[in-house]
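Please read the structure below before turning to the comments.
The values are calculated or read from the model by the stated rules, or taken from the named source; none is laboratory data. The structure presented is a predicted model; accordingly, all values stated were derived computationally and were not measured. Neighbour counts are summed over all protein chains in view; Cβ atoms, including those assigned to glycine, are modelled from backbone coordinates with ideal geometry.
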Amino acid sequence: MQLTGFQVQMFKSILDSKWVAVTPLTALVGKNEVGKTSLLKALHKFNPFAPEPYDIVREWPRGHRDGRSKQQVVCSTKFALSDSERSQISELAGQPVTAAELEITKNYAGEFEIRFPAELFPDHLHPNDIDAALKDFPQFPEPVGDAFRTAAKKCETEARRLAAEGLFTDLAAYPEKCTEPLNAARTAGNPQPQHNNENAYVVQFTNKLREVANNLKNSPTIQKKVHEFVIKQIPTFVYMDEYRVFRGSALLDQVADRRSRNQASPEDEALRTILDLAALDLNDLVKKGGSNNETEKEERQYDLSDGAATLTNKVSSNWGQLKYEVQFQADGQQFFTFIKDPKDKALIRLEERSRGFQWFFSFDLLLMHQTKGMLKGCVILLDEPGLHLHPEGQQDLLRRLEVYAEGNTLIYSTHLPFMLNLQEPDRIRVLGETATGMVVSDDLTTTQPEGKLTLQAALGISGRTSFLVADHNLVVEGVDDYWLISALSSLAGRSGKPTLPESLFLTPAGGAAEVTYIATFMVGQELGAIALYDSDEAGNIARDKFVKKWLTRYNNRPAQALQLAEIWGVTGEASIEDLFTEDFYLPYVEGLHAKALAAAGIDKITLHPGGQLVKRVEALFESKGLPFNKGSIAKRIASDINKMTDFGKLPAITAKRGEQLLTAIAAATEKLKAKTSEKE
């Protein structure tokens, strides 16, 4: 089962978080003290590795004592069922189960409840269980009288009816009720052996009835069977809020002594984690380290070598392309952890590695330890990971979390902009405070000031978009669009024609998908955004996502989506290069790629007809094994346009489509302003 949503109620500062949709990797963004930790802790206690019950005395919200109840649901969850789980539940239920999701709750008393329709999993026994209980009714020992046989069959039929209808109380009383009619039906005159056979059958039948009634009374119902099955499928929840850096060296006898006195330090616990993952026993290492027996010394070194190999196998795959190797050594009671780099054969102590490596090594080991080495099928909850990493390290950690989310569900809280992946706005959940406590939303517009700063900072530091963010923004697919649209607008201004509005900032993205997520974040932060897409498959998909998923949600926000083919009134595909004719565009291609074309034996470019101009050029270059840089072409054309003094210098089709494009963008900007005015 995979977690798809949860809700926390009446837990510390949270009266009702509302339902929180969960993706395999989900980020919780909000200011400090808003309740991120409480949210994660309430979720963690739903099904932790080690028992950790809800504490109604310490965790019930202050000021609401009058409503305190052990039956209060603390955490409600929704889980998606796999095909295999659905199949097994169908078998238990005795009917096809098509439900894709189940809702499970847990209250302060620690009781799980599965909320499913009663008709789907009724509170009675499965017919197969009843049939199994009734299958061994005693057979008639022949001979018996016909009247007795008829009475016995009638009693057995009635017993089966009572069982099938779940009337187990009546079934328990039935042995006494059926004794009288059976005795009355016995053959008159007590002929032998019928008399003995009939008497024996009455005893056997009534004893069997009592056994059946008792077994059925204690058999689990369909609902109970499904309940037990589902509860066993709930993934384990792992919570981490301490990300200490491990030390790999220690005096083993001193560590063991402190642990025996319950005075272990954090460094001692870190070493214990390393040894546990390596399947090494601290006390055994101490004992053999103090021995003068050469055999025991040799055994200890073998154990250390094998333990290091065991640990390496568990964690080395987490370290990217470089497969580091862990090695353990000991001299008496002095223990060392070395990390061996395949590029450098020298052994380097863990403490002498970079701080970044030490942090990631420690994080991996701690997470492995917390999940008992089962880094699959878990719900991993991380509270503010990466706080002490530099920005580049935080970006590395974010990539690491992507890996951990494969096969797990991972939810983390943060207020760090580098810990947000702007390409995945669907993952972000916003935490805010209301008059009734903390709530969670996937609406990016509800962010309170501190959380808003995190989102805006993330938006501002996103690679190519470091210079964006104005009240009104135009997001285009790439720098080609940026250069050409800017040049056309400048030329329009010199020609006395309408230009781009002065309030509009152009932001180049890295493709259609990036246009969507950048524009989405802008809209989420109450900034006006126009998203301009090419008319091709990628542009269509990205535009549909922006319009159908985000603009419908933020329909009161200033946002517009434009597509080139619609602006120009053409059918088929179109990109910014389709401003130009082949006669205008191809000489630039030939001039800037003259050497490569000459080497390929091409004097003049001839393209296949139909489709985007730039894609046809790219196809030609690819067929000849030549590199093509459309950005250099766009930049050179933009430079030449900037030298022109009048729009009339442009080819007619370029002038027409250029004016159409600038006019459409200006009209969309006016709509942004109108939306902004409505809000004000």
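Miscellaneous remarks
- First in segment 588-607 and part of a helix (DSSP H, G or I), second anywhere and among the small types (Gly, Ala, Ser), Cβ under 8 Å, 6 or more apart: LEU592/SER632
- Residue pairs whose Cβ atoms lie under 6 Å apart, separated by 6 or more positions or on different chains, with the first residue in segment 494-517 and assigned to a loop (DSSP other than H, G, I, E, B) and the second surrounded by fewer than 21 Cβ atoms within 10 Å (Cβ to Cβ) and acidic (Asp, Glu), are SER495/ASP646.
- Top-ranked residue of segment 285-296 - restricted to ones that are charged (D, E, K, R) and surrounded by 14 or more Cβ atoms within 10 Å (Cβ to Cβ), ranked as farthest from PHE335 (Cα to Cα): GLU296
- Answer from GLU622, GLU680 - the residue that is charged (D, E, K, R) and modelled with pLDDT of 90 or more: GLU622
- Residue check for ALA634: within 29 Å of PHE647 (Cα to Cα), part of a helix (DSSP H, G or I) and touching a residue at least 12 places away in the same chain (Cβ under 8 Å): yes
- Test: PHE11 is of a type in the set (Phe, Trp, Tyr), at pLDDT below 90 and not assigned by TED's automatic domain parsing to the domain that holds HIS369: no
- Cβ separations smaller than 6 Å between residues 6+ apart or across chains give the following pairs from segment 568-581 residues that are in the same structural domain as LEU613 (by TED's automatic domain parsing) and within 18 Å of ASN629 (Cβ to Cβ) to residues that are in a loop (DSSP other than H, G, I, E, B) and not small (Gly, Ala, Ser): SER575/ASP534; SER575/GLN612.
- Residue within segment 530-545 that is farther than 20 Å from GLU577 by Cα, touching a residue at least 24 places away in the same chain (Cβ under 8 Å) and of a type in the set (Lys, Arg) present: yes
- Cβ-Cβ contacts under 6 Å between residues 6 or more apart (or on different chains), taken from a first residue in segment 298-325 that is assigned by TED's automatic domain parsing to the domain that holds LEU367 and farther than 19 Å from ARG400 by Cβ to a second residue that is modelled with pLDDT of 80 or more and part of a helix (DSSP H, G or I), are listed as ARG300/LYS288; GLU325/THR312.
- Hits in segment 583-612 - residues which are hydroxyl-bearing (Ser, Thr, Tyr) and more than 23 Å from GLY572 (Cα to Cα): TYR588
- Within segment 648-663, the residues that satisfy the criterion of being buried (at least 19 other Cβ atoms within 10 Å of the Cβ) and either more than 29 Å from ALA559 (Cα to Cα) or in contact with a Phe, Trp or Tyr (Cβ under 9 Å, 6 or more places away or on another chain) (or both) are LEU650, THR654, ALA655, ARG657, GLY658, LEU661.
- Count of segment 546-583 residues which are modelled with pLDDT under 90 and either of a type in the set (Asp, Glu) or in a helix (DSSP H, G or I) (or both): 6
- Some residue of segment 526-537 being part of a helix (DSSP H, G or I), assigned by TED's automatic domain parsing to the domain that holds THR663 and not charged (D, E, K, R): no
- Residue in segment 132-154 that is touching a Leu at 6+ places or on another chain (Cβ under 8 Å), modelled with pLDDT of 80 or more and not small (Gly, Ala, Ser) present: yes
- Just one of (1) assigned to a helix (DSSP H, G or I); (2) on the phi > 0 side of the Ramachandran plot fails for LEU672. It is (2).
- Any hit, segment 613-624, residues being more than 22 Å from GLU582 (Cα to Cα) and of a type outside the set (A, V, I, L, M): no
A quick yes/no check of all residues on (1) crowded, with 18+ Cβ neighbours inside 10 Å; (2) at pLDDT 85 or above; (3) outside the structural domain of PRO417 (by TED's automatic domain parsing):
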position: SER466; (1), (2), (3): no, no, yes
position: ALA470; (1), (2), (3): no, no, yes
position: ASN473; (1), (2), (3): yes, yes, yes
position: ASP481; (1), (2), (3): yes, yes, yes
position: LEU484; (1), (2), (3): yes, yes, yes
position: ALA487; (1), (2), (3): yes, yes, yes
position: SER490; (1), (2), (3): no, yes, yes
position: GLY493; (1), (2), (3): no, yes, yes
